[in-house]
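Engineer: One structure is given below, represented as structure tokens, and several questions about it will come after.
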Amino acid sequence: MTYEAKKFDLPALTGLSEKQIKVHLALYEGYVKNVNLLMQTIAAYQNTDDDGGKFAIAEMRRRLGFEFDGMRMHEYYFSQFEGGPAAPDAGSALAKMGRERYGENGIEGHVRAIASGTRGIGWVVVYADPAGKTLQTAYVGDHEIGQLAGLPILLALDLWEHAYMVDYVPADKKNYVDAFFANLNWSVVEKRFDEAR
């Protein structure tokens with residue numbers, strides 16, 4: 001199996017320059033390249049009897065989680081901008097559950113609070129929890145650490161500096177979060193929710 005970098009149909013984004021998006025997409029493509037390289041290398045050496053080779057393969061398998069999740073999280077991230085910005089449907093099941101779970105400011109208010117209140121790199125990820133019939137939110141530091149196992153991802157906000165450093169300095173992260181929500185196509189998030197139930 002070989003993965004290919006997805007092509008996203010992105011409109012011009014408010015507050016995020018074409019250069020910023022180009023840099024960020026190149027980083028995503030690097031994750032795809034590294035996933036393929038790791039999988040090919042593991043496959044080529046998986047039958048080794050050499051202890052050093054076995055150790056190297058074990059470490060590559062650990063690295064695969066970082067590269068794979070980096071690839072997949074960026075696919076969630078960029079696809080949220082396809083089709084252009086769309087306001088959330090205030091009457092949708094997702095909006096209703098968001099208000100029940102997070103209060104009157106709903107999902108957006110909750111994600112903004114997490115994004116502004118957490119220092120450092122990572123992701124704010126909103127998940128559907130079908131078994132609990134609720135939503136869950138996590139701050140995921142590294143792609144492969146802190147994900148909520150088995151829960152479908154609804155919204156992924158990339159807070160690694162590579163997502164905004166062309167346009168904003170770290171002290172202006174709030175402005176990047178504003179730009180993210182200004183460009184978010186909520187219908188993509190709502191569709192993910194409907195498919196997860």
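Engineer: What dipole magnitude, in Debye to the nearest 20, does the chain give about its Cα centre under +1 on Lys/Arg Cβ and -1 on Asp/Glu Cβ?
Structural biologist: The calculation lands at about 280 debye.
Engineer: Between Glu82 and Thr134, what length comes free when the chain is fully extended (0.36 nm per residue of separation minus the Cα-Cα distance, one decimal in nm)?
Structural biologist: 16.1 nm
Engineer: OK, next. Can you give the three extents of the C-alpha atoms in segment 93-196 along their principal axes, from longest to shortest, in whole Å?
Structural biologist: Taking max minus min along each principal axis of the Cα atoms, segment 93-196 gives 39, 28, 22 Å.
Engineer: If you look for lysine pairs in the chain that are eight or more places apart or on different chains, how many of them have Cα atoms under 18 Å apart?
Structural biologist: 10
Engineer: Give me the tail of P(r) for segment 73-132 as a percent: Cα-Cα pairs with distance above 20 Å.
Structural biologist: Result for the distance tail: 36 percent.
Engineer: Given only helices, namely DSSP H runs of n ≥ 4 each adding -39500 (n - 2.57), what is the per-residue ellipticity at 222 nm of the chain, to the nearest 500 deg cm²/dmol?
Structural biologist: The per-residue figure over the chain is -17000 deg cm²/dmol.
Engineer: Just checking my list (1) 55, 35, 26; (2) 81, 38, 27; (3) 60, 41, 31 against Cα extents along the principal axes in Å computed from this structure; which label fits?
Structural biologist: Identified label for the calculated read-out: (3).
Engineer: When the C-alpha atoms of segment 144-197 are aligned to their principal axes, what extent does each axis show, in angstrom, from largest down?
Structural biologist: Taking the Cα atoms of segment 144-197, the three principal extents are 38, 27, 14 Å.
Engineer: Now a separate question. From largest to smallest, what semi-axes in whole angstrom does segment 18-79 give when each is the square root of 5 times an eigenvalue of its alpha carbon gyration tensor?
Structural biologist: After scaling each eigenvalue by five and taking roots: 30, 10, 8 Å.
Engineer: Can you list which of the DSSP-assigned H helices in the chain have a Cα extent of 24 Å or more along the long axis and an average Kyte-Doolittle score of at least -1.0?
Structural biologist: Correct list, ordered by number: 18-45, 51-79.
Engineer: When ranked by the protection proxy of mean other Cβ atoms within 10 Å per residue, highest first, what sequence do the peptides 1-12, 97-108 form?
Structural biologist: 97-108, 1-12
Where a number appears in this text, it was derived from the coordinates with a stated rule and is not lab data. Since this is a predicted model, take the numbers as computed values, not measurements. With ideal geometry, Cβ positions are generated from the backbone for all residues, glycine too; neighbour counts draw on all protein chains shown.
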